[in-house]
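Visitor: Quick one: this structure, given as structure tokens, is what I'll be asking you about.
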């Protein structure tokens, strides 16, 4: 289909009037500033609402992506491909809106937060465009950019808010609540959704005193809720390392604030190497339990009853960790003994042999030591914490859990149902992912059948809080499989070559980890 772009009408937001465009029947507003540019003295300061503008803001092109690593050869990642594209700029706090009409219909609103390990991604990427949800679900969709890496996770001074990324997202969500009715949306029916780091973000927004009341429901796709977050001491050490790398005095943060962002980004790359540990997902920048913006791990708050009035849909992919480990040449011949050393971080000596054999006997990507290693990482970081949250929520409110099991044929099938692979299916936009190696070889008919069902279920949940019942607004699906709520039997909707409700699909692993105890839940 040829994309048609026509100038759209003017919407008068709280910061000033904006003018978008009409693209394939939808009204699209791109690059709207929601916060003051975080530059100069505002670098490493919490976001503040944009002061506004005079005249009409031409919201016809996307804003810059947040500064991040980029490989211009296009070979950045053999699984996902490049996850952020130029232009990059520190002045990146913008959002994009897709809507069927700027009328008074008060449509359900979806706010999408991109993932990327807290170091990559952009709400402007074609893979995250909101057109499919807006068109198929009659919803209003907002995608946001926020600070990542060294610009979003930096404690400049003691007592400061170290989670600048969270202040950005909070400011964007408040902008949505204040303005979305002007774009045809319902400010009282907002779903915040994300994948990976974006899902972690959505969970964190759900527990914040100032943003929780603005959220009706959340969709958490592969949230890494098993992460051990940085403490104040960790954050101080990270800040000191950056100052030292810049050749400045120990407390000379002011000079760092006025250094070109390209230089600061380059100095931060040392964190990637420092964060690398055998058998752990590399996360050079982490949310900070700073006592100001984040008091404890979001998982602890949620399982102890926080945000109890927010609807939750949560899930995991079977082979999450293959994303970072399956193709790593240094791990192809990893020994059983080395993997057992990694398992010893989770299981005590009496349980270790049983745990290894249980993982090795499962029909996963491989029964070799690397397969065992990937399964353990998938469990610790993604699957078991998600299950624990679903269990806790189901005790008092309906919760919906899913397991994505569709296996990528790329790289000889070595990736399986890897991290991020569910995204083309939930967005129903395979054509936008053709740059990504992990979609190579996917049968279009299989994709359409599975994606149609997932996309329609997501739309139904966004509209009603229940993934059943609103499939008529999705793509052509003759009959949606019934999705049972997560309850005492731990039923999850399994999306693979078939779609079925399965009781306790993580039973073996859940029992193993329960025996190991809760002390290692946050690694």
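Visitor: Answer yes or no as to whether residue 161 is over 30 Å from residue 464 (Cα atoms) and either within 20 Å of the chain's Cα centre (by Cα) or touching a residue at least 40 places away in the same chain (Cβ under 8 Å) (or both).
Guide: Yes; evaluated as a whole, the condition is true for this residue.
Visitor: Is it fair to say residue 152 is closer than 19 Å to residue 220 by Cβ and modelled with pLDDT of 95 or more? So that I can check it myself, show each step before the final result.
Guide: Values: closer than 19 Å to residue 220 by Cβ: no; modelled with pLDDT of 95 or more: yes.
So residue 152 does not fit the description; no.
Visitor: Looking at the structure I just gave you, is residue 408 crowded, with 22+ Cβ neighbours inside 10 Å, free of Cβ contacts under 8 Å to residues at least 40 places away in the same chain and either over 15 Å from residue 315 (Cβ atoms) or touching a strand residue (DSSP E or B) at 6+ places or on another chain (Cβ under 9 Å) (or both)?
Guide: Working: crowded, with 22+ Cβ neighbours inside 10 Å: yes; free of Cβ contacts under 8 Å to residues at least 40 places away in the same chain: yes; either over 15 Å from residue 315 (Cβ atoms) or touching a strand residue (DSSP E or B) at 6+ places or on another chain (Cβ under 9 Å) (or both): yes.
Spelling it out, residue 408 is indeed crowded, with 22+ Cβ neighbours inside 10 Å, free of Cβ contacts under 8 Å to residues at least 40 places away in the same chain and either over 15 Å from residue 315 (Cβ atoms) or touching a strand residue (DSSP E or B) at 6+ places or on another chain (Cβ under 9 Å) (or both).
Visitor: Give the residues of region 313-337 that are under 27 Å from residue 222 (Cβ atoms) and loosely packed, with under 15 Cβ neighbours inside 10 Å, sorted by residue number.
Guide: 328, 329, 330, 332
Visitor: Any idea which residue in region 87-137 is farthest from residue 34 (Cα to Cα), counting only those that are out of contact with any helix residue (DSSP H, G or I) (no Cβ under 7 Å at 6 or more places or on another chain) and outside any loop (DSSP other than H, G, I, E, B)?
Guide: Only one residue tops the list, namely 135.
Visitor: Which condition number in (1) part of a helix (DSSP H, G or I); (2) touching a helix residue (DSSP H, G or I) at 6+ places or on another chain (Cβ under 6 Å); (3) crowded, with 24+ Cβ neighbours inside 10 Å is the one that residue 168 fails?
Guide: (2) is the only condition that residue 168 fails.
Visitor: Is there any pair with a first residue in region 291-305 that is surrounded by fewer than 19 Cβ atoms within 10 Å (Cβ to Cβ) and a second that is part of a loop (DSSP other than H, G, I, E, B) whose Cβ atoms are under 6 Å apart and which are 6 or more apart or on different chains, and what are they?
Guide: Final answer for the pair search is 292/161.
Visitor: Kindly check whether there is at least one residue in region 264-286 that is touching a strand residue (DSSP E or B) at 6+ places or on another chain (Cβ under 7 Å) and more than 30 Å from residue 104 (Cβ to Cβ).
Guide: yes
Visitor: Still on this model: May I ask you to say which residue of 285, 278 is in contact (Cβ under 8 Å) with a residue 60 or more places away in the chain, buried (at least 21 other Cβ atoms within 10 Å of the Cβ) and either in a loop (DSSP other than H, G, I, E, B) or in contact with a helix residue (DSSP H, G or I) (Cβ under 8 Å, 6 or more places away or on another chain) (or both)?
Guide: Just a single option satisfies the conditions, and that option is 285.
Visitor: If you don't mind, another one. What is the number of the single condition among (1) more than 30 Å from residue 418 (Cβ to Cβ); (2) surrounded by fewer than 17 Cβ atoms within 10 Å (Cβ to Cβ) that residue 87 does not meet?
Guide: Condition (1) is where residue 87 drops out.
Visitor: Would you mind finding the one in 401, 451 that is buried (at least 17 other Cβ atoms within 10 Å of the Cβ), in a strand (DSSP E or B) and at pLDDT 95 or above?
Guide: Values: 451 fails: in a strand (DSSP E or B).
Of 401, 451, the one residue that is buried (at least 17 other Cβ atoms within 10 Å of the Cβ), in a strand (DSSP E or B) and at pLDDT 95 or above is 401.
Visitor: For residue 196, indicate whether it is in contact with a strand residue (DSSP E or B) (Cβ under 9 Å, 6 or more places away or on another chain) and modelled with pLDDT of 95 or more. If you could, list the steps in order and put the result at the bottom.
Guide: On the way: in contact with a strand residue (DSSP E or B) (Cβ under 9 Å, 6 or more places away or on another chain): yes; modelled with pLDDT of 95 or more: yes.
Here the answer is yes, as residue 196 does meet what is asked.
Visitor: Do any residues in region 356-383 that are modelled with pLDDT under 90 have Cβ atoms under 8 Å from those of residues that are in a loop (DSSP other than H, G, I, E, B) and buried (at least 22 other Cβ atoms within 10 Å of the Cβ), where the two are at least six apart or on different chains, and which pairs are they?
Guide: Listed pairs, sorted by first residue: 364/318; 365/326; 365/415.
Visitor: Looking only at region 34-86, how many residues end up being part of a loop (DSSP other than H, G, I, E, B), at pLDDT 95 or above and in contact with a strand residue (DSSP E or B) (Cβ under 8 Å, 6 or more places away or on another chain)?
Guide: So the answer is 18.
Visitor: Related question: Going by what's in this entry, would residue 9 be described as modelled with pLDDT of 95 or more and either part of a strand (DSSP E or B) or surrounded by fewer than 21 Cβ atoms within 10 Å (Cβ to Cβ) (or both)?
Guide: On the way: modelled with pLDDT of 95 or more: no; either part of a strand (DSSP E or B) or surrounded by fewer than 21 Cβ atoms within 10 Å (Cβ to Cβ) (or both): yes.
The answer is no for residue 9.
Visitor: Just to check your reading of the model, which residue among 294, 299, 370 is within 30 Å of residue 233 (Cβ to Cβ) and in a helix (DSSP H, G or I)?
Guide: 299
The values are calculated or read from the model by the stated rules, or taken from the named source; none is laboratory data. The structure displayed is predicted, hence computed values, not measured ones. Reconstructed Cβ throughout: ideal geometry from the backbone, glycine too, with neighbour counts over all protein chains shown.
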